[in-house]
Amino acid sequence: MGQHIQLNTSRLHCIGAYLAKAPGTPKGGLVVVQEIFGINAHIRDVVDRYAALGYTAIAPAFFDHVENGVELGYDEAGYARGRELVGEIGFDLALDDIASAAEAISSAGKIGCVGYCWGGTVALLAAIRLGLPAVSYYGARNTAFLDQPPTAPVQFHFGERDASIPPEAIAKHRAALPDAEIHVYPAGHAFNRDVDPKAYDEPSAKLALERALAFFDRHLA
């Protein structure tokens, strides 16, 4: 369904992006923010899935600022390289790219953001700094930004067995953002990653997607 395009950015440097257009009239647009593994097959599938559900979706290839065409696996080497790359990109540059991606699909209507892991924190920051309604999946870096009020609605998804996000971190979300939707599942980290049997939890992933779609239907459609 999708296609690879070039995306203009604020740094006068084009990066790649994976774009999938909704059939017919879109309900709105979504910027999909990757984990630390680049725009790999799983993230492309997430983009395609949202497009099939009525939202034109785009995933910016943030790592193109450093190295073109990065697609990492879920092994030790992939994790190590992914952590290096997100460290080099940082949140400010990622948010600039989110803004560029949102502009690129602005014809779809209202724009939101959904992100996973590292992308979950980027999605929260998109709600704080860019005013995009956002769904944040298991953002382990969120707590550093909970003192900054979002300027758009946010929905959070966490796994109760996620060692990187202990219960006290989830409690901090509830205390700082009492009006936000916060959902916890009997799962571990990355429970939406259906290509990784070590992480995927099908019932949790399906319920989280239903809730994410209801959220976007309320705030975008």
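The values are calculated or read from the model by the stated rules, or taken from the named source; none is laboratory data. Here the structure is a predicted model, which is why all the values come from computation and not from measurement. Note: ideal-geometry Cβ built from the backbone for every residue, glycine included; neighbour counts use all protein chains shown. These accessible areas exclude ligands, DNA and RNA; they are computed on the full protein's heavy atoms, side chains included. Shrake-Rupley method; radii C 1.70, N 1.55, O 1.52, S 1.80 Å.
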- Message: List pairs: first residue in the range 72-96 and free of Cβ contacts under 8 Å to residues at least 12 places away in the same chain, second residue assigned to a loop (DSSP other than H, G, I, E, B) anywhere in the structure, Cβ distance under 6 angstrom, at least six positions apart or on different chains.
- Response: R81/L72
- Message: Taking the conditions exactly as written (open to solvent by less than 10 Å² (accessible area, probe 1.4 Å), of a type outside the set (G, A, S) and in contact with a Phe, Trp or Tyr (Cβ under 7 Å, 6 or more places away or on another chain)), does L7 satisfy them or not?
- Response: no
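Given the residues A17, A101, A22, which is the only one that is part of a loop (DSSP other than H, G, I, E, B), open to solvent by less than 50 Å² (accessible area, probe 1.4 Å) and either farther than 23 Å from F191 by Cβ or among the acidic types (D, E) (or both)?
The match here is A22.
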- Message: For the range 56-91: of the residues being closer than 15 Å to H13 by Cβ and in contact with an Asp or Glu (Cβ under 7 Å, 6 or more places away or on another chain), which is most open to solvent (accessible area, probe 1.4 Å)?
- Response: V66
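Let's see how each residue does on (1) surrounded by 24 or more Cβ atoms within 10 Å (Cβ to Cβ); (2) of a type in the set (S, T, N, Q):
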site: L12; (1), (2): no, no
site: Q34; (1), (2): yes, yes
site: N40; (1), (2): no, yes
site: A52; (1), (2): no, no
- Message: List the residue pairs whose Cβ atoms are under 6 Å apart, where the first residue sits in the range 184-204 and is of a type in the set (D, E, K, R), the second is assigned to a loop (DSSP other than H, G, I, E, B) and open to solvent by 40 Å² or more (accessible area, probe 1.4 Å), and the two are 6 or more positions apart or on different chains.
- Response: R193/Y200; D194/Y200; D196/Y74
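For L125, state whether it is hydrophobic (A, V, I, L, M, F, W, C) and open to solvent by 10 Å² or more (accessible area, probe 1.4 Å).
no
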